[in-house]
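Taking it in order: structure first as structure tokens, then the write-up.
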Amino acid sequence: DTGVSQDPRHKITKRGQNVTFRCDPISEHNRLYWYRQTLGQGPEFLTYFQNEAQLEKSRLLSDRFSAERPKGSFSTLEIQRTEQGDSAMYLCASGGQGATGELFFGEGSRLTVL
Amino acid sequence: AQSVAQPEDQVNVAEGNPLTVKCTYSVSGNPYLFWYVQYPNRGLQFLLKYITGDNLVKGSYGFEAEFNKSQTSFHLKKPSALVSDSALYFCAGNNFNKFYFGSGTKLNVKP
């Protein structure tokens with residue numbers, strides 16, 4: 001257990017529905033990242049926050065994807081109007097101060113869009 | 001573009017033999033490089049990192065990695081493989097706080 005928790009662990013939804021994933025990082029970590037991972041591939045960077053500021057979001061896959069970290073603690077990743085191609089594992093990671101620190105990953109939230 | 005590459009999709013090794021999982025990088029400036037391991041249906045676990053200094057870095061579970069600037073490589077090594085080392089291994093680079101991951105190498109250690 002790395003101390004990063006994600007909820008839900010699994011989500012099955014129908015195409016066109018909205019889904020939201022939550023990530024609770026390690027409490028003293030100010031950096032928070034979202035990644036997407038499909039089967040057999042490496043994690044694909046989506047976005048990251050430093051405290052409550054979203055410093056990079058250009059990699060979010062489309063305007064259907066959005067992320068928030070309103071108080072610099074937990075974060076949510078929302079996918080609107082889900083498509084079958086959104087089926088993947090969504091990983092959250094947190095890191096401490098400084099660019100050289102490693103990231104700690106949660107167990108991931110697996111999304112299946114029917 | 002900043003990237004890391006893992007040229008082997010799969011590495012097979014017998015238990016007790018040394019193992020190497022390869023990684024090359026293309027990161028401008030001073031590269032910060034990492035290795036992670038992923039077991040089925042689990043998140044990624046940090047193994048080790050290179051920031052600066054000694055080119056040979058040691059990490060968790062007996063793993064080590066050698067940074068080679070001239071070859072732009074950061075290969076993961078272990079002197080004696082265990083069956084329990086079988087997993088998916090990812091190399092990653094950090095550039096301006098954005099971590100980029102390789103496509104992964106599946107390590108199979110056979111008894």
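The values are calculated or read from the model by the stated rules, or taken from the named source; none is laboratory data. Remember, predicted model here, so these are calculated numbers, not experimental data. In this analysis, Cβ positions are derived from the backbone assuming ideal geometry, glycine residues included, and neighbour counts consider all displayed protein chains. These area figures cover heavy atoms from the full protein model, side chains too; ligands, DNA and RNA do not enter into them. Shrake-Rupley method; radii C 1.70, N 1.55, O 1.52, S 1.80 Å.
Principal semi-axes of the equivalent ellipsoid, √(5λ) from the alpha carbon gyration tensor of segment B:63-111, are 24, 14, 8 Å from largest down.
State, in square angstrom and to the nearest 100, the accessible area buried between chains A and B, both chains counted, probe radius 1.4 Å.
1900
Take each residue of peptide B:96-104, count the partner chain Cβ atoms within 10 Å of its Cβ, and average: the result is 6. Scattering from the C-alpha atoms of the protein assembly as shown alone, worked out with Debye: what is log10 I(q)/I(0) at q = 0.13, 0.14, 0.15 1/Å? Rounded to two decimals, the profile gives -0.75, -0.86, -0.98.
Measure up A:LYS14/B:LYS110; B:LYS49/B:LYS110; A:LYS14/B:LYS22; A:LYS14/B:LYS98; A:LYS11/B:LYS110; A:LYS71/B:LYS77 against 30 Å on the Cα-Cα distance and list the ones that go over.
Listed pairs above 30 Å: A:LYS14/B:LYS110; A:LYS14/B:LYS22; A:LYS14/B:LYS98; A:LYS11/B:LYS110; A:LYS71/B:LYS77.
Counting only trypsin sites (Lys or Arg not before Pro) that are in a DSSP loop and have at most 10 other C-beta atoms within 10 Å, tell me the longest site-free stretch of chain A.
A:15-70
Look at the alpha carbon pairs under 8 Å that are at least 6 residues apart: their mean separation over the length of chain A gives a relative contact order of 37 percent. Relative to its Kirkwood radius, the Cα radius of gyration of segment B:12-111 gives an Rg/Rh of 0.96.
Within the shell of other residues whose beta carbon sits under 9 angstrom from the beta carbon of A:PHE74, the net charge comes to +2, with Lys and Arg scored +1 and Asp and Glu -1. If you average over every viewing direction, what projected area does the convex hull of the Cα atoms of chain A give, in nm²? Across all orientations, chain A yields a mean hull projection of 6.7 nm².
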